[in-house]
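Each value in this text was obtained by applying a stated rule to the coordinates, not by laboratory testing. Keep in mind it's a predicted model, so treat the numbers as computed, not measured.
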Amino acid sequence: MRFCHFVAAALFAGPAGAGALAKLESTGAVTCLPTLPFFCDNIHVGCAGRTTLRTFAFTLRMNAGRAWVDADADTAGISEQYENARLDWDQDGVIFRPRAAQGYIKLLDNGRYSFRHYARDLGTMSHGRCH
């Protein structure tokens, strides 16, 4: 199964395997920084409905079939929610999904991420870049 992930990462990595997926696969971690200082109701077209929930830097990690998220300024409980995250690989990238909560973090090979988080049963979103 890990071989499939490596092949998927290599296919999306572009020249010399320089993409974010290849880095995640080879080093087991990418650090992500948000574009905006707050989560939004929707980020598909700009920031629709700014929320009071602040965004934060985090690290996506994986090894030996295990995935998790580390966040220093974790006021939203993200680290706990993603402690044993499920990984879903597709043609666009990889999606980290918490096992006992709604939401996801999707990472594309170009380093862009989108983060769907449910705070107080309301869906919020943020986006940024991972390296």
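Some points to look at:
- Segment Asp88-Ala64, length gained on full extension (0.36 nm per residue, minus Cα span): 7.2 nm
- Taken as Cα centroids, region 95-112 and region 53-71 sit 9 Å apart, rounded to the nearest whole angstrom.
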